[in-house]
Amino acid sequence: MRFVVSGKSMEPKFYNGDKLFVSPLFFKLREPRAGDAVVVKDPRGGRFVLKRIGSIEGDRYFVRGDNLEWSTDSREFGGVSRDAIVGKVIFRYSRKISKLIK
Amino acid sequence: MRIFKEPRVVYAHCDIPCGIYDPHSAQVAALTVIRMMDLISESGDASGTVPTHNIARYTEVKEKHAELCKHEVRIIWGDYFKEDQILEYPSLNDTVREIMVLASKSKQGIDRSAGLKLLEEVNRFAEIFWKTKGVETKRVVPPYGPNEEIVIPIL
């Protein structure tokens, strides 16, 4: 699945406008781990959010932005369930040049 | 097939500080640029340690506020305005670009007309901004130098 990033909570790894390839199949091969960058269904609404798994407690996955000051994440909406995790970010396939020279 | 479609949006965002946008800081920065131009002009060609020192300070403030003006406008343009609003106000992108050019020109010299044009473009930017919020605006002259007009919301 392809996604385009909106927002800056994952800078400097992922910038606003970056295009990502995300695999839903990856987590059929192994379980999500702390440190994985993942696309998650926002438990408060239908949209997708890009975060990193911080910790796993039982069946709850706690996600957070890399940029804690600019992130709304499990600190606010709590842990997410396994089935809310859409997939793992496999690679970034596009970034605007302007992001590299700022 | 999905492969030919645009990718879906995934949010790496923050719900907390976002939402507080106001062009007022950019307008005050533009006023400051004009004020510094005036102060530099009033200093004339005075030589000597004190006038030289003062001109150095005015120039530094002018430089900083021209940059601040660009920064504030870029943030609102990039973070606040959404694609449909940009389509609704086709002059917005040109206005933003003009602000970038005029602010740089204001850094390079003490041509007051460049400062005034900068303020006018920032005012136009403010008018568009408040329109997107459904807020009426008016033009007022604040009671301090450089006594130039700014657009303010009627709240």
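The values are calculated or read from the model by the stated rules, or taken from the named source; none is laboratory data. Keep in mind that what you see is a predicted model, and the values were worked out from it rather than measured. Reconstructed Cβ throughout: ideal geometry from the backbone, glycine too, with neighbour counts over all protein chains shown. Accessible surface areas use protein heavy atoms only, side chains included; no ligands, DNA or RNA. Shrake-Rupley method; radii C 1.70, N 1.55, O 1.52, S 1.80 Å.
I'd like to check one number: the per residue accessible area of the stretch B:8-122, probe 1.4 Å, reported in Å² as a whole number.
54 Å²
Which trypsin sites (Lys or Arg not before Pro) in the stretch B:116-155 pass both tests, a DSSP loop state and at most 13 other beta-carbon atoms within 10 Å?
When the trypsin sites (Lys or Arg not before Pro) of the stretch B:116-155 are filtered for loop state and at most 13 Cβ neighbours within 10 Å, B:LYS133 remain.
How large is ³J(HN,Hα), in whole Hz, for each residue of the stretch B:106-119 in order, when computed from phi with the Karplus curve 6.51 cos²θ - 1.76 cosθ + 1.60 and θ = phi - 60°, using x for Gly and Pro?
Computed from phi, the couplings for the stretch B:106-119 are 5, 5, 6, x, 10, 6, 4, 5, 5, x, 5, 5, 4, 4 Hz.
Looking at chain B from every direction and averaging, what is the projected area of its Cα convex hull in nm²?
Taking a quarter of the hull surface, the average projection is 12.4 nm².
What residue among B:LEU87, B:LEU39, B:LEU119 has the largest mean-square fluctuation in a Gaussian network model of chain B, using Cα springs under 10 Å?
The residue with the greatest mean-square fluctuation here is B:LEU87.
Using a cut-off of 12 Å between beta-carbons, work out the net charge of the residues near B:ALA56 (Lys and Arg +1, Asp and Glu -1, B:ALA56 not included).
Overall, the nearby charge balance is 0.
For chains B and A, what's the summed buried accessible area, probe 1.4 Å, to the nearest 100 square angstrom?
Using a 1.4 Å probe, the pair buries roughly 1700 Å².
So who's got an amide H within less than 5 Å of the one on A:ASP36, skipping anything under 5 residues away but keeping other chains? H placed 1.01 Å off N, in plane.
Answer set, sorted by chain and number: A:ILE53.
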